[in-house]
1. Select, from 33, 114, the only residue that is hydrophobic (A, V, I, L, M, F, W, C), under 15 Å from the mean Cα position of the chain (by Cα) and either exposed (fewer than 12 other Cβ atoms within 10 Å of the Cβ) or closer than 23 Å to residue 141 by Cβ (or both).
2. Could you look through region 165-200, keep only residues that are of a type in the set (Val, Ile, Thr) and touching a helix residue (DSSP H, G or I) at 6+ places or on another chain (Cβ under 8 Å), and pick out the one that is surrounded by the most Cβ atoms within 10 Å (Cβ to Cβ)?
3. Keeping to region 205-260, report how many residues are among the basic types (Lys, Arg) and over 24 Å from residue 148 (Cα atoms).
4. Restricting to region 52-69, and then to whatever is over 14 Å from the mean Cα position of the chain (by Cα) and in a helix (DSSP H, G or I), can you tell me which residue is nearest to residue 119 (Cα to Cα)?
5. Give the residue that is surrounded by the fewest Cβ atoms within 10 Å (Cβ to Cβ), with candidates limited to residues of region 217-269 that are β-branched (Val, Ile, Thr) and within 18 Å of the chain's Cα centre (by Cα).
6. For region 84-111, which positions are over 18 Å from residue 54 (Cβ atoms), under 21 Å from the mean Cα position of the chain (by Cα) and among the aliphatic types (A, V, I, L, M)?
7. Based on what the data block shows, is residue 103 under 24 Å from residue 257 (Cα atoms), in a strand (DSSP E or B) and either out of contact with any Pro (no Cβ under 8 Å at 6 or more places or on another chain) or modelled with pLDDT of 95 or more (or both)?
8. Working only within region 148-176, note down all residues that are within 27 Å of the chain's Cα centre (by Cα) and farther than 15 Å from residue 224 by Cβ.
Amino acid sequence: MRCLVLFGLLLSALPAYAGPKDQVRAFFDDFVALRNAFDPSVADLYLPEAKMISLRDGRDLIEIPFAEYRESFLLSLPVSKAIGDVSRFENVAVKLHGQGFRITATRYAAVKCATDPKYHLDVVRVGREWRITEEYIEAITLTRCQPSAELGKALETARSQVADRLPIQVDDETRLEAIELSGANLILRYWLPKVSPNTVDYRQFFGYLRQNGLRSICKQTPQMRALTERGATVRLSYTDAKRRPLVNVDVSPGTCAYFDTLEARKPAG
């Protein structure tokens, strides 16, 4: 009897065994802590072939292997830190998935005041460590954050100054026809009367519009850039000759700082 009591005491003194699900949950907690601390070592938690999947505004699906995304991710960390781009996770669950586990959660993005209920992170064991094989995020481009009274006033001033001059012929091929204010989003609507599938390659043209749009806001219009640095999102929305949507160029808090970083890395000349 005394031996049984002693054996029971020895068992109770042993640390509780952490099963795989507990280990995965601990891994996820560490991952979130590193991500929200903007620690570059978080990149080492992804396998090079890990799928980075993002659904933007419920329609634009982007998938890229982490090996191709890693440099951009690391360059963006200082910018993300400067604007407080942290995520909060609730309703976290861990379940078996393929050769490893899937972590599901509701993600709240502070910088956009947006909730993503379909977030997931897939992990597998590599040796004695857990590593990420897939991350899925649903995101929005226009912010849902409400502007402060001061920012709201600045946005209305910018809107009215442009609205009083509409329409504005920017150049031979571009006309600014409308400007709208929605919360902390300032939306400028452009018409390109000479652009059609017969005149340009839309895929190449999208890249051209994006670069020109970013340069316009970040380099050529200090007032607009200042609004984004105070928490606003400025959208340049383009339509073609038949007024069909072409592309939206969204400049959010941190976009211009990241654009500056990329520009500085370009070879001189």
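1. Of the residues listed, the single one that is hydrophobic (A, V, I, L, M, F, W, C), under 15 Å from the mean Cα position of the chain (by Cα) and either exposed (fewer than 12 other Cβ atoms within 10 Å of the Cβ) or closer than 23 Å to residue 141 by Cβ (or both) is 114.
2. Looking at residues that are of a type in the set (Val, Ile, Thr) and touching a helix residue (DSSP H, G or I) at 6+ places or on another chain (Cβ under 8 Å), I get 195.
3. 6
4. 66
5. Ranking the qualifying residues of region 217-269, first place goes to 261.
6. If the condition is that a residue be over 18 Å from residue 54 (Cβ atoms), under 21 Å from the mean Cα position of the chain (by Cα) and among the aliphatic types (A, V, I, L, M), then 92 is the only one that fits.
7. So residue 103 fails the test.
8. The answer is 148, 149, 150, 152, 153.
The values are calculated or read from the model by the stated rules, or taken from the named source; none is laboratory data. Just so you know, these numbers come straight off a predicted model, no measurement behind them. Counting neighbours? That spans all protein chains shown, and the Cβs are built from the backbone with ideal geometry, glycine included.
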